[in-house]
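Let me begin by presenting the structure, written as structure tokens, before commenting on it.
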Amino acid sequence: MGDSIFRDKTIVIGITGGIACYKVLDLIKELRKLGSKVHAIMTEASTHLVATKDFEKASGNEVQTALFHPKINYVEYIKKNKPIKHISLADMADLFLVCPATANVIGKIANGIADDLLTTSVTATTAPLLICPAMNVKMWENPIVQDNVKKLKKLNYNFVEPEYGELACGYKGMGRLANIKRIIDRIGLLLKQRSDLKNKKILVTAGATVEEIDPVRVITNKSSGKMGINIAEQAFLRGADVILLRGYNSVEPSYSIKEEKFTTVDDLFSKVKKYIKSADIAIHAAAVSDFAINDKHGSKIKSGKELHLELVPTAKIFERLKGINKKLFLVGFKAEHNFSDRKLIDSAYDILRKADADLVVANDVGRANRGFDVDTNEVFVVDKDKKVRHIRLADKRIVADKILDIIINKVK
């Protein structure tokens, strides 16, 4: 991500009383190296963990800790028309970051409580807000905390989820502050937000289909839907009118995106046909079953003996879409296992030709950190002229945004 995205941007960081707050010193230093101006707000609890002077040295600016100075004369304050801190900080921010975000501050923000400088500034800002939780694993898993996170996500607040690992409290699990690079990458995406997809209707499919063997058992695949969900979210953030079709077992989107869930291949195809005619762009990232069960059983099959299943091919949804909407800009995905780069690209181009598609995104799920249910990916994007763009290993959200960049350059 180019340094120019960060240059001369003002980032206000709210630092709460989590043990991970010392890591924010390195985050601030990195942001300043990229050219950003950083202002820090510290809660009273955080000042017991790291000295304000350390954050002042790192940011190059005075750290703010209270709404008003304790000796302030309010009449004189109003007469001199001085800026109110929580309003001036909120207004100056190009991005507002809460890092680390404790369970307490997440609960306050989710419920509209503004009782200190940080929470009043969060309430007053119109800048994109990014929340980076860090806490004990049991606190993170607490249903009240999770409900507050879900509530904020539905209100289009942004999160960088905590990571799994050793925690300062001695526990091991989810709750460790996300890697600094992940946080900076996400800040870059939010600073880059624009409306270059405004007035575009985009249909995105994500996740796995399932085909019944009997009322209890199914055949499916390992897709989590993360790649497709990230594409839908980034398109939404860039102003598109997004329709998301996702598998029942896929991850949930973080924003209020219009969606429908699907189960079988036929169910997915039915829903695709419902929306495809009015779409400008279709991004078919769903992992569609290649086979269904012939003559599936109407009741649960008894266990304890050999079972022979006859599999029959399912409909090739991707190859039928241009026939329904010839003006559609069509993007597909092709997953292979342990292919060379050249073989992977050739495979992508083959399905592109069969479907008369505009782009096919190919990845090798046999390579480490590029397969199912991980947060990173590496892809090759192939167009009609067999021109290839290589998106190197990165967070799936970064990969999604770069794929959209390629699409936008094609549909202009």
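The values are calculated or read from the model by the stated rules, or taken from the named source; none is laboratory data. Remember, it's a predicted structure, so these values are computed and weren't measured experimentally. Don't worry about glycine lacking a Cβ; one is built from the backbone with ideal geometry, like all the others, and counts go over all protein chains shown.
Structure summary
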| read-out | value |
| --- | --- |
| PRO253, sole failed condition from (1) in contact with a helix residue (DSSP H, G or I) (Cβ under 9 Å, 6 or more places away or on another chain); (2) under 21 Å from PHE291 (Cβ atoms) | (2) |
| Members of segment 282-301 that are closer than 30 Å to ILE408 by Cα, of a type in the set (Val, Ile, Thr) and assigned to a loop (DSSP other than H, G, I, E, B) | VAL288 |
| Residues of segment 372-386 satisfying the condition of being under 15 Å from PHE333 (Cβ atoms) and not aromatic (Phe, Trp, Tyr) | ASN377, GLU378, VAL379, VAL381, VAL382, ASP383 |
| Criterion violated by LEU129 - all others in (1) surrounded by fewer than 21 Cβ atoms within 10 Å (Cβ to Cβ); (2) touching a Phe, Trp or Tyr at 6+ places or on another chain (Cβ under 7 Å) satisfied | (1) |
| Selection count, segment 147-200, where residues are out of contact with any Leu (no Cβ under 6 Å at 6 or more places or on another chain) and in a loop (DSSP other than H, G, I, E, B) | 21 |
| Test: LYS85 is modelled with pLDDT of 95 or more, surrounded by fewer than 19 Cβ atoms within 10 Å (Cβ to Cβ), over 25 Å from the mean Cα position of the chain (by Cα) and not aromatic (Phe, Trp, Tyr) | no |
| Candidate set: segment 254-283, residues that are under 29 Å from LYS151 (Cα atoms) and of a type in the set (Phe, Trp, Tyr); chosen: the one surrounded by the most Cβ atoms within 10 Å (Cβ to Cβ) | PHE262 |
| The listed residue being free of Cβ contacts under 8 Å to residues at least 60 places away in the same chain and surrounded by 13 or more Cβ atoms within 10 Å (Cβ to Cβ), out of GLY175, GLY188 | GLY175 |
| Count of residues meeting criterion [free of Cβ contacts under 8 Å to residues at least 40 places away in the same chain, of a type in the set (A, V, I, L, M) and either out of contact with any helix residue (DSSP H, G or I) (no Cβ under 6 Å at 6 or more places or on another chain) or farther than 23 Å from LYS412 by Cβ (or both)] in segment 332-364 | 6 |
| Any hit, segment 313-331, residues being surrounded by fewer than 18 Cβ atoms within 10 Å (Cβ to Cβ), in the same structural domain as ARG392 (by TED's automatic domain parsing), free of Cβ contacts under 8 Å to residues at least 24 places away in the same chain and in contact with an Asp or Glu (Cβ under 7 Å, 6 or more places away or on another chain) | yes |
| Filtered residue count, segment 235-257, keeping only those that are under 20 Å from ASP375 (Cα atoms) and at pLDDT below 95 | 10 |
| Number of the exception - ASP373 against (1) of a type in the set (Asp, Glu); (2) part of a helix (DSSP H, G or I); (3) surrounded by fewer than 17 Cβ atoms within 10 Å (Cβ to Cβ) | (2) |
| Qualifying residue in segment 221-240 (condition: in a strand (DSSP E or B) and over 16 Å from the mean Cα position of the chain (by Cα)) | no |
| Residue in segment 40-71 that is modelled with the lowest pLDDT, counting only those that are out of contact with any Phe, Trp or Tyr (no Cβ under 6 Å at 6 or more places or on another chain) and buried (at least 20 other Cβ atoms within 10 Å of the Cβ) | GLN64 |
| Scan of segment 321-365 for residues that are in a loop (DSSP other than H, G, I, E, B) and either among the polar types (S, T, N, Q) or closer than 17 Å to GLY225 by Cα (or both), ordered by number | ASN325, ASN338, SER340, VAL365 |
